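First comes the structure, then the notes that go with it.
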Amino acid sequence: MLRMEIALFLVVAFVAFIYFSAGKKHSPIHRTFSVLLITVLIHLIFDGATVYTVNHLETVPVLLNDILHRLFIGTMILIFFLFYQYIAILVENETGKPRRLDPVARVYLLIAELGDMLLPIHYAVTPQGNYSDGIHVVFCYISVAFYFLLGTGLFLANWKDIQQRERMAIGIATLVELIVTTLQGIRHIWLISGMGITLITLAFYLILENPDILRAELTEQKMSMLYLKSQVNPHFLYNTLDTIRIQAQLNGDKKVADLLMRLVDFFRLSVKVDRSMVSLDDEMELLEAYMELMCSRYPELQCEYDIDPDLGGIQVPNFILQPIVENSLLHGLKNKGYRGAVTISAHKTDQDAVEIRVCDTGSGFEPGKKEAVDDMLRHYAKQAPRLTGNSIGLLNVQKRIKLLCGKEYGLWYTENDTSGVTAHILLPLKEELL
(Lines give C-alpha, C1' and ligand atoms only; values in the text may rest on other atoms or scores of the structure.)
Protein backbone atom coordinates (compact mmCIF):
# COMPACT_ATOMS: atom_id res chain seq x y z
CA MET A 1 0.00 0.00 0.00
CA LEU A 2 2.86 2.33 0.78
CA ARG A 3 4.08 2.01 -2.79
CA MET A 4 0.93 3.74 -4.02
CA GLU A 5 1.52 6.77 -1.76
CA ILE A 6 5.11 7.02 -3.02
CA ALA A 7 3.91 6.86 -6.64
CA LEU A 8 1.24 9.50 -5.99
CA PHE A 9 3.81 11.78 -4.35
CA LEU A 10 6.15 11.46 -7.34
CA VAL A 11 3.31 12.25 -9.77
CA VAL A 12 2.26 15.39 -7.89
CA ALA A 13 5.90 16.42 -7.40
CA PHE A 14 6.45 16.20 -11.16
CA VAL A 15 3.32 18.27 -11.81
CA ALA A 16 4.46 20.85 -9.25
CA PHE A 17 7.90 21.05 -10.86
CA ILE A 18 6.38 21.74 -14.29
CA TYR A 19 3.87 24.20 -12.87
CA PHE A 20 6.30 26.29 -10.83
CA SER A 21 9.03 26.24 -13.47
CA ALA A 22 6.58 27.67 -16.03
CA GLY A 23 6.78 31.14 -14.49
CA LYS A 24 5.19 33.31 -11.86
CA LYS A 25 1.46 33.19 -11.27
CA HIS A 26 -0.10 36.43 -10.06
CA SER A 27 -3.86 35.95 -9.84
CA PRO A 28 -5.66 34.64 -6.73
CA ILE A 29 -6.76 31.48 -8.51
CA HIS A 30 -3.19 30.65 -9.51
CA ARG A 31 -1.89 31.43 -6.03
CA THR A 32 -4.57 29.16 -4.56
CA PHE A 33 -3.56 26.33 -6.87
CA SER A 34 0.09 26.87 -5.96
CA VAL A 35 -0.71 26.53 -2.25
CA LEU A 36 -2.88 23.50 -3.06
CA LEU A 37 -0.01 21.73 -4.83
CA ILE A 38 2.34 22.27 -1.90
CA THR A 39 -0.29 21.15 0.62
CA VAL A 40 -1.04 17.99 -1.39
CA LEU A 41 2.65 17.09 -1.42
CA ILE A 42 2.89 17.53 2.36
CA HIS A 43 -0.34 15.56 2.83
CA LEU A 44 0.93 12.64 0.75
CA ILE A 45 4.03 12.45 2.95
CA PHE A 46 1.84 12.13 6.05
CA ASP A 47 -0.43 9.75 4.15
CA GLY A 48 2.46 7.40 3.46
CA ALA A 49 3.70 7.69 7.04
CA THR A 50 0.29 6.85 8.54
CA VAL A 51 -0.24 3.95 6.14
CA TYR A 52 2.88 2.43 7.69
CA THR A 53 2.25 3.38 11.32
CA VAL A 54 -1.42 2.32 11.43
CA ASN A 55 -0.41 -1.15 10.25
CA HIS A 56 2.44 -1.38 12.80
CA LEU A 57 0.62 -0.32 15.96
CA GLU A 58 2.54 -2.83 18.04
CA THR A 59 5.94 -1.30 17.20
CA VAL A 60 5.22 2.41 16.59
CA PRO A 61 4.78 4.59 19.73
CA VAL A 62 1.15 5.62 20.22
CA LEU A 63 2.05 9.33 20.56
CA LEU A 64 4.00 9.35 17.28
CA ASN A 65 1.18 7.53 15.50
CA ASP A 66 -1.42 10.01 16.83
CA ILE A 67 0.66 13.06 15.84
CA LEU A 68 1.20 11.78 12.31
CA HIS A 69 -2.47 10.86 12.00
CA ARG A 70 -3.63 14.30 13.15
CA LEU A 71 -1.27 15.97 10.66
CA PHE A 72 -2.59 13.65 7.95
CA ILE A 73 -6.22 14.55 8.71
CA GLY A 74 -5.45 18.25 9.24
CA THR A 75 -3.81 18.62 5.83
CA MET A 76 -6.67 16.68 4.23
CA ILE A 77 -9.22 19.15 5.63
CA LEU A 78 -7.05 22.05 4.45
CA ILE A 79 -6.88 20.52 0.95
CA PHE A 80 -10.66 20.33 0.66
CA PHE A 81 -10.93 23.90 1.92
CA LEU A 82 -8.52 24.90 -0.88
CA PHE A 83 -10.57 22.91 -3.40
CA TYR A 84 -13.62 24.90 -2.32
CA GLN A 85 -11.60 28.14 -2.45
CA TYR A 86 -10.43 27.36 -5.97
CA ILE A 87 -14.01 26.72 -7.15
CA ALA A 88 -15.24 29.88 -5.40
CA ILE A 89 -12.61 32.09 -7.07
CA LEU A 90 -13.30 30.45 -10.43
CA VAL A 91 -17.04 31.13 -10.07
CA GLU A 92 -16.35 34.72 -9.02
CA ASN A 93 -14.11 35.25 -12.06
CA GLU A 94 -16.72 33.81 -14.41
CA THR A 95 -19.84 35.45 -12.95
CA GLY A 96 -18.59 38.51 -11.07
CA LYS A 97 -20.48 37.39 -7.95
CA PRO A 98 -18.65 38.01 -4.64
CA ARG A 99 -17.53 35.06 -2.50
CA ARG A 100 -20.08 35.43 0.30
CA LEU A 101 -19.48 31.94 1.70
CA ASP A 102 -15.78 32.52 2.36
CA PRO A 103 -16.22 33.68 6.00
CA VAL A 104 -18.24 30.55 6.77
CA ALA A 105 -15.62 28.34 5.07
CA ARG A 106 -12.78 29.96 7.04
CA VAL A 107 -14.56 29.75 10.39
CA TYR A 108 -15.35 26.10 9.83
CA LEU A 109 -11.72 25.47 8.85
CA LEU A 110 -10.65 26.73 12.27
CA ILE A 111 -13.26 24.53 13.97
CA ALA A 112 -12.26 21.50 11.89
CA GLU A 113 -8.54 21.90 12.63
CA LEU A 114 -9.25 22.30 16.35
CA GLY A 115 -11.41 19.17 16.27
CA ASP A 116 -8.64 17.30 14.51
CA MET A 117 -6.17 18.25 17.25
CA LEU A 118 -8.45 17.60 20.26
CA LEU A 119 -10.76 14.69 19.46
CA PRO A 120 -9.58 11.22 20.54
CA ILE A 121 -8.31 8.78 17.90
CA HIS A 122 -9.24 5.11 17.89
CA TYR A 123 -7.82 2.38 15.66
CA ALA A 124 -9.63 -0.69 14.39
CA VAL A 125 -7.45 -3.78 14.11
CA THR A 126 -8.56 -6.43 11.61
CA PRO A 127 -6.88 -9.44 9.97
CA GLN A 128 -7.09 -7.66 6.60
CA GLY A 129 -5.48 -4.45 7.86
CA ASN A 130 -5.81 -1.64 10.39
CA TYR A 131 -7.51 1.74 10.05
CA SER A 132 -8.66 4.60 12.26
CA ASP A 133 -12.32 4.89 13.24
CA GLY A 134 -14.47 6.51 15.88
CA ILE A 135 -15.43 10.15 16.45
CA HIS A 136 -12.20 11.53 15.00
CA VAL A 137 -12.77 9.86 11.63
CA VAL A 138 -16.48 10.76 11.62
CA PHE A 139 -15.56 14.39 12.22
CA CYS A 140 -13.06 14.19 9.33
CA TYR A 141 -15.74 12.83 7.00
CA ILE A 142 -18.14 15.59 8.08
CA SER A 143 -15.50 18.26 7.37
CA VAL A 144 -14.68 16.87 3.93
CA ALA A 145 -18.40 16.58 3.13
CA PHE A 146 -18.95 20.19 4.27
CA TYR A 147 -16.43 21.62 1.80
CA PHE A 148 -17.46 19.16 -0.88
CA LEU A 149 -21.12 20.25 -0.62
CA LEU A 150 -20.14 23.93 -0.32
CA GLY A 151 -18.07 23.83 -3.53
CA THR A 152 -20.47 21.58 -5.44
CA GLY A 153 -23.48 23.71 -4.47
CA LEU A 154 -21.73 26.88 -5.59
CA PHE A 155 -20.76 25.18 -8.83
CA LEU A 156 -24.26 23.89 -9.61
CA ALA A 157 -25.89 27.23 -8.71
CA ASN A 158 -23.76 28.97 -11.34
CA TRP A 159 -23.60 26.15 -13.89
CA LYS A 160 -24.92 28.17 -16.83
CA ASP A 161 -22.48 31.05 -16.34
CA ILE A 162 -19.35 28.86 -16.22
CA GLN A 163 -17.35 27.95 -19.32
CA GLN A 164 -17.45 24.39 -20.61
CA ARG A 165 -13.80 23.71 -19.73
CA GLU A 166 -14.31 24.79 -16.11
CA ARG A 167 -17.50 22.72 -15.92
CA MET A 168 -15.57 19.69 -17.16
CA ALA A 169 -12.78 20.07 -14.60
CA ILE A 170 -15.10 20.53 -11.62
CA GLY A 171 -17.43 17.81 -12.87
CA ILE A 172 -14.58 15.30 -13.14
CA ALA A 173 -13.25 16.27 -9.71
CA THR A 174 -16.72 15.88 -8.18
CA LEU A 175 -17.24 12.46 -9.75
CA VAL A 176 -13.80 11.25 -8.64
CA GLU A 177 -14.40 12.35 -5.07
CA LEU A 178 -17.80 10.63 -4.94
CA ILE A 179 -16.35 7.36 -6.23
CA VAL A 180 -13.30 7.39 -3.94
CA THR A 181 -15.33 8.37 -0.86
CA THR A 182 -17.88 5.62 -1.57
CA LEU A 183 -15.17 2.99 -2.02
CA GLN A 184 -13.37 4.17 1.12
CA GLY A 185 -16.63 3.96 3.06
CA ILE A 186 -17.30 0.42 1.85
CA ARG A 187 -13.75 -0.84 2.32
CA HIS A 188 -12.13 1.04 5.22
CA ILE A 189 -8.86 -0.84 4.90
CA TRP A 190 -8.20 0.39 1.35
CA LEU A 191 -6.90 3.81 2.55
CA ILE A 192 -7.25 5.41 -0.90
CA SER A 193 -8.02 9.02 0.08
CA GLY A 194 -4.62 10.09 -1.27
CA MET A 195 -5.52 8.66 -4.67
CA GLY A 196 -8.73 10.69 -4.77
CA ILE A 197 -6.95 13.92 -3.80
CA THR A 198 -4.25 13.31 -6.43
CA LEU A 199 -6.80 12.64 -9.18
CA ILE A 200 -8.76 15.80 -8.31
CA THR A 201 -5.55 17.85 -8.36
CA LEU A 202 -4.61 16.36 -11.74
CA ALA A 203 -8.07 17.18 -13.12
CA PHE A 204 -7.64 20.85 -12.21
CA TYR A 205 -4.07 20.91 -13.49
CA LEU A 206 -4.60 19.16 -16.82
CA ILE A 207 -7.77 21.05 -17.74
CA LEU A 208 -7.39 24.47 -16.12
CA GLU A 209 -3.83 25.10 -14.94
CA ASN A 210 -1.66 23.43 -17.56
CA PRO A 211 0.99 26.00 -18.57
CA ASP A 212 0.94 24.72 -22.17
CA ILE A 213 -2.78 25.47 -22.46
CA LEU A 214 -2.31 28.92 -20.95
CA ARG A 215 0.58 29.61 -23.32
CA ALA A 216 -1.54 28.47 -26.28
CA GLU A 217 -4.28 30.90 -25.28
CA LEU A 218 -1.72 33.67 -24.94
CA THR A 219 -0.29 32.84 -28.38
CA GLU A 220 -3.76 33.06 -29.87
CA GLN A 221 -4.23 36.46 -28.32
CA LYS A 222 -0.81 37.64 -29.49
CA MET A 223 -1.69 36.61 -33.05
CA SER A 224 -4.93 38.51 -32.74
CA MET A 225 -3.00 41.52 -31.45
CA LEU A 226 -0.59 41.29 -34.36
CA TYR A 227 -3.50 41.33 -36.76
CA LEU A 228 -5.04 44.26 -34.94
CA LYS A 229 -1.83 46.24 -35.11
CA SER A 230 -1.38 45.45 -38.79
CA GLN A 231 -4.85 46.89 -39.39
CA VAL A 232 -4.48 50.13 -37.41
CA ASN A 233 -7.06 51.85 -39.51
CA PRO A 234 -5.33 52.35 -42.88
CA HIS A 235 -7.62 55.29 -43.49
CA PHE A 236 -6.10 56.89 -40.37
CA LEU A 237 -2.68 56.80 -42.03
CA TYR A 238 -3.98 58.20 -45.30
CA ASN A 239 -6.02 60.95 -43.66
CA THR A 240 -3.14 61.94 -41.41
CA LEU A 241 -0.73 62.14 -44.33
CA ASP A 242 -3.29 64.27 -46.13
CA THR A 243 -3.48 66.53 -43.06
CA ILE A 244 0.29 66.85 -43.12
CA ARG A 245 0.18 67.70 -46.83
CA ILE A 246 -2.38 70.44 -46.29
CA GLN A 247 -0.51 71.69 -43.26
CA ALA A 248 2.65 71.94 -45.36
CA GLN A 249 0.85 74.32 -47.68
CA LEU A 250 -0.51 76.48 -44.91
CA ASN A 251 2.34 76.51 -42.38
CA GLY A 252 6.08 76.40 -42.15
CA ASP A 253 8.30 73.35 -42.07
CA LYS A 254 8.38 73.16 -38.25
CA LYS A 255 4.75 72.14 -38.01
CA VAL A 256 5.22 69.55 -40.73
CA ALA A 257 8.31 68.23 -38.99
CA ASP A 258 6.43 67.96 -35.68
CA LEU A 259 3.53 66.08 -37.23
CA LEU A 260 5.81 63.74 -39.08
CA MET A 261 7.73 63.09 -35.89
CA ARG A 262 4.59 62.18 -33.99
CA LEU A 263 3.43 59.94 -36.82
CA VAL A 264 6.77 58.17 -36.84
CA ASP A 265 6.63 57.85 -33.04
CA PHE A 266 3.19 56.30 -33.20
CA PHE A 267 4.03 53.65 -35.73
CA ARG A 268 7.41 52.98 -34.17
CA LEU A 269 5.79 52.26 -30.82
CA SER A 270 2.72 50.46 -32.16
CA VAL A 271 4.72 47.74 -33.86
CA LYS A 272 6.55 46.67 -30.68
CA VAL A 273 5.00 43.23 -30.34
CA ASP A 274 7.98 41.31 -28.96
CA ARG A 275 6.95 42.15 -25.39
CA SER A 276 3.54 41.34 -23.97
CA MET A 277 3.99 43.85 -21.13
CA VAL A 278 5.37 47.40 -21.31
CA SER A 279 5.67 50.25 -18.84
CA LEU A 280 2.77 52.66 -18.48
CA ASP A 281 5.13 55.43 -19.63
CA ASP A 282 5.71 53.58 -22.93
CA GLU A 283 1.99 53.01 -23.39
CA MET A 284 1.25 56.67 -22.69
CA GLU A 285 3.95 57.79 -25.14
CA LEU A 286 2.21 55.88 -27.93
CA LEU A 287 -1.18 57.26 -26.90
CA GLU A 288 0.08 60.83 -26.76
CA ALA A 289 1.52 60.52 -30.25
CA TYR A 290 -1.82 59.20 -31.52
CA MET A 291 -3.84 61.95 -29.83
CA GLU A 292 -1.57 64.76 -31.03
CA LEU A 293 -2.19 63.60 -34.59
CA MET A 294 -5.94 63.33 -34.03
CA CYS A 295 -6.12 66.76 -32.40
CA SER A 296 -4.23 68.16 -35.37
CA ARG A 297 -6.81 66.67 -37.73
CA TYR A 298 -9.70 67.88 -35.56
CA PRO A 299 -8.81 71.25 -33.96
CA GLU A 300 -11.90 71.24 -31.70
CA LEU A 301 -10.88 67.92 -30.16
CA GLN A 302 -9.10 68.16 -26.80
CA CYS A 303 -7.16 65.61 -24.79
CA GLU A 304 -6.31 65.85 -21.10
CA TYR A 305 -4.15 63.64 -18.91
CA ASP A 306 -4.26 62.97 -15.18
CA ILE A 307 -1.61 60.31 -14.56
CA ASP A 308 -0.13 59.58 -11.14
CA PRO A 309 3.62 60.17 -11.72
CA ASP A 310 4.46 57.27 -9.40
CA LEU A 311 2.80 54.82 -11.81
CA GLY A 312 5.06 55.39 -14.81
CA GLY A 313 7.03 52.21 -14.20
CA ILE A 314 4.18 49.75 -13.65
CA GLN A 315 3.76 47.02 -16.24
CA VAL A 316 0.62 47.01 -18.40
CA PRO A 317 -0.41 44.83 -21.35
CA ASN A 318 1.02 46.23 -24.57
CA PHE A 319 -1.27 48.28 -26.84
CA ILE A 320 -4.45 48.45 -24.73
CA LEU A 321 -5.10 52.19 -24.46
CA GLN A 322 -5.05 53.23 -28.13
CA PRO A 323 -7.92 50.88 -29.13
CA ILE A 324 -10.00 52.16 -26.18
CA VAL A 325 -9.38 55.83 -27.04
CA GLU A 326 -10.00 55.19 -30.73
CA ASN A 327 -13.30 53.56 -29.79
CA SER A 328 -14.27 56.70 -27.83
CA LEU A 329 -13.50 58.88 -30.85
CA LEU A 330 -15.26 56.77 -33.47
CA HIS A 331 -18.35 55.87 -31.43
CA GLY A 332 -18.76 58.93 -29.26
CA LEU A 333 -17.12 62.11 -30.51
CA LYS A 334 -17.49 61.39 -34.22
CA ASN A 335 -21.25 61.95 -33.94
CA LYS A 336 -20.52 65.39 -32.47
CA GLY A 337 -18.13 66.37 -35.25
CA TYR A 338 -15.11 65.56 -33.06
CA ARG A 339 -15.99 68.49 -30.80
CA GLY A 340 -15.27 67.58 -27.22
CA ALA A 341 -12.66 66.11 -24.94
CA VAL A 342 -11.07 62.83 -23.97
CA THR A 343 -9.54 62.56 -20.49
CA ILE A 344 -7.12 59.75 -19.63
CA SER A 345 -6.38 59.21 -15.93
CA ALA A 346 -4.49 56.59 -13.95
CA HIS A 347 -4.51 56.22 -10.16
CA LYS A 348 -4.04 53.60 -7.49
CA THR A 349 -7.07 51.95 -5.89
CA ASP A 350 -7.58 50.77 -2.32
CA GLN A 351 -7.17 47.13 -3.44
CA ASP A 352 -3.49 47.39 -4.39
CA ALA A 353 -4.37 47.84 -8.05
CA VAL A 354 -4.37 50.56 -10.71
CA GLU A 355 -7.44 51.91 -12.46
CA ILE A 356 -7.01 53.66 -15.81
CA ARG A 357 -10.00 55.63 -17.06
CA VAL A 358 -10.73 56.92 -20.54
CA CYS A 359 -13.57 59.43 -20.26
CA ASP A 360 -15.11 61.17 -23.28
CA THR A 361 -17.77 63.85 -23.75
CA GLY A 362 -19.26 62.15 -26.79
CA SER A 363 -22.81 61.15 -27.62
CA GLY A 364 -22.79 58.07 -25.41
CA PHE A 365 -24.14 54.61 -26.14
CA GLU A 366 -26.94 54.05 -28.59
CA PRO A 367 -30.01 52.29 -27.12
CA GLY A 368 -29.14 48.69 -26.31
CA LYS A 369 -25.47 49.11 -27.21
CA LYS A 370 -24.13 49.25 -23.65
CA GLU A 371 -25.89 45.99 -22.74
CA ALA A 372 -24.33 44.32 -25.78
CA VAL A 373 -20.85 45.62 -24.90
CA ASP A 374 -21.25 44.58 -21.25
CA ASP A 375 -22.32 41.09 -22.30
CA MET A 376 -19.38 40.76 -24.71
CA LEU A 377 -16.83 41.86 -22.10
CA ARG A 378 -18.38 39.72 -19.34
CA HIS A 379 -18.39 36.58 -21.49
CA TYR A 380 -15.13 37.38 -23.28
CA ALA A 381 -13.87 33.79 -23.08
CA LYS A 382 -16.90 32.48 -24.94
CA GLN A 383 -16.43 34.94 -27.79
CA ALA A 384 -14.79 33.52 -30.91
CA PRO A 385 -11.69 35.38 -32.12
CA ARG A 386 -12.73 38.23 -34.41
CA LEU A 387 -10.84 39.71 -37.30
CA THR A 388 -13.57 42.13 -38.35
CA GLY A 389 -16.16 44.30 -36.70
CA ASN A 390 -16.21 47.31 -34.43
CA SER A 391 -15.64 45.32 -31.24
CA ILE A 392 -12.39 43.60 -32.20
CA GLY A 393 -10.30 46.13 -30.26
CA LEU A 394 -12.35 45.94 -27.04
CA LEU A 395 -12.56 42.14 -27.10
CA ASN A 396 -8.85 41.84 -27.80
CA VAL A 397 -7.99 44.19 -24.94
CA GLN A 398 -10.24 42.31 -22.51
CA LYS A 399 -8.83 38.90 -23.42
CA ARG A 400 -5.22 40.02 -23.12
CA ILE A 401 -5.76 41.71 -19.75
CA LYS A 402 -7.43 38.57 -18.39
CA LEU A 403 -4.68 36.29 -19.68
CA LEU A 404 -1.71 38.46 -18.74
CA CYS A 405 -2.92 39.94 -15.44
CA GLY A 406 -5.58 37.59 -14.09
CA LYS A 407 -9.32 37.16 -14.38
CA GLU A 408 -10.03 39.61 -11.55
CA TYR A 409 -8.73 42.44 -13.75
CA GLY A 410 -10.22 43.76 -16.96
CA LEU A 411 -12.25 46.35 -18.85
CA TRP A 412 -15.77 47.67 -18.27
CA TYR A 413 -17.84 50.74 -19.20
CA THR A 414 -20.04 53.23 -17.38
CA GLU A 415 -22.16 56.10 -18.69
CA ASN A 416 -21.32 59.63 -17.54
CA ASP A 417 -23.86 61.78 -15.76
CA THR A 418 -23.60 64.59 -18.33
CA SER A 419 -22.58 63.07 -21.66
CA GLY A 420 -20.31 60.41 -23.05
CA VAL A 421 -18.98 57.24 -21.49
CA THR A 422 -16.02 56.16 -19.37
CA ALA A 423 -13.92 53.07 -19.99
CA HIS A 424 -12.43 51.59 -16.81
CA ILE A 425 -9.35 49.37 -16.95
CA LEU A 426 -8.30 47.63 -13.73
CA LEU A 427 -4.71 46.33 -13.65
CA PRO A 428 -2.41 44.89 -10.98
CA LEU A 429 0.07 47.21 -9.29
CA LYS A 430 3.41 45.64 -10.12
CA GLU A 431 6.59 46.84 -11.76
CA GLU A 432 8.34 43.56 -12.60
CA LEU A 433 8.03 41.96 -16.02
CA LEU A 434 6.04 38.77 -16.40
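The values are calculated or read from the model by the stated rules, or taken from the named source; none is laboratory data. Here the structure is a predicted model, which means the values were calculated and not measured. Ideal geometry is used to build each Cβ from the backbone, glycine not excepted, and the neighbour counts take in all protein chains shown. SASA here: full protein model, heavy atoms, side chains in, ligands and nucleic acids out. Shrake-Rupley method; radii C 1.70, N 1.55, O 1.52, S 1.80 Å.
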- Query: If you check every pair at least six apart or on different chains, which have Cβ atoms under 7 Å apart with a residue in segment 36-59 that is in a loop (DSSP other than H, G, I, E, B) first and a residue that is of a type outside the set (V, I, T) second?
  - Reply: N55/G129; N55/N130; L57/N65; L57/Y123; L57/N130
- Here is a list of conditions, (1) in a helix (DSSP H, G or I); (2) open to solvent by 30 Å² or more (accessible area, probe 1.4 Å), and K97 meets all of them except one; can you say which number that is? (1)
- Odd one out for V273 among (1) modelled with pLDDT of 90 or more; (2) open to solvent by less than 70 Å² (accessible area, probe 1.4 Å); (3) not in a helix (DSSP H, G or I): (1)
- Only one of (1) aliphatic (A, V, I, L, M); (2) crowded, with 17+ Cβ neighbours inside 10 Å; (3) at pLDDT 90 or above fails for I307. Which number is that? (2)
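Residue-wise test of (1) more than 29 Å from C405 (Cα to Cα); (2) within 28 Å of the chain's Cα centre (by Cα).
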| position | (1), (2) |
| --- | --- |
| L293 | yes, no |
| I320 | no, yes |
| K348 | no, yes |
| A353 | no, yes |
| G364 | no, no |
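Among the candidates G194, G151, which residue alone is modelled with pLDDT under 85 and either within 26 Å of P98 (Cβ to Cβ) or not aliphatic (A, V, I, L, M) (or both)?
Values: G151 fails: modelled with pLDDT under 85.
Sole residue among the options that is modelled with pLDDT under 85 and either within 26 Å of P98 (Cβ to Cβ) or not aliphatic (A, V, I, L, M) (or both): G194.
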- Task: Specify the residue that is modelled with the lowest pLDDT; the eligible residues are those in segment 19-52 that are over 19 Å from the mean Cα position of the chain (by Cα) and open to solvent by 20 Å² or more (accessible area, probe 1.4 Å).
- Result: Y52
- Query: So which residues in segment 349-364 are open to solvent by 10 Å² or more (accessible area, probe 1.4 Å) and either touching a residue at least 60 places away in the same chain (Cβ under 8 Å) or among the aromatic types (F, W, Y) (or both)?
  - Reply: T349, D352, E355, R357, C359
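Test A124 against the stated conditions and say whether it is among the small types (G, A, S), modelled with pLDDT of 90 or more and over 15 Å from I197 (Cα atoms). Walk me through how you get there before you give the answer.
Details: among the small types (G, A, S): yes; modelled with pLDDT of 90 or more: no; over 15 Å from I197 (Cα atoms): yes.
So A124 does not fit the description; no.
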- Item | Selected residue [touching a residue at least 12 places away in the same chain (Cβ under 8 Å), in a helix (DSSP H, G or I), of a type in the set (V, I, T) and touching a His at 6+ places or on another chain (Cβ under 8 Å)] from I87, I73 | I73
- Message: Just to be sure I understand the filter: pairs with C-beta atoms under 8 Å, separated by 6 or more residues or on different chains, first member in segment 334-347 and farther than 12 Å from D360 by Cα, second member in a helix (DSSP H, G or I) and of a type in the set (A, V, I, L, M). Which pairs pass?
- Response: A346/L280; A346/L311; H347/L311
- Item | Scope segment 402-423; condition surrounded by fewer than 16 Cβ atoms within 10 Å (Cβ to Cβ) and touching a residue at least 24 places away in the same chain (Cβ under 8 Å); matching residues | W412, E415, N416, T418, S419
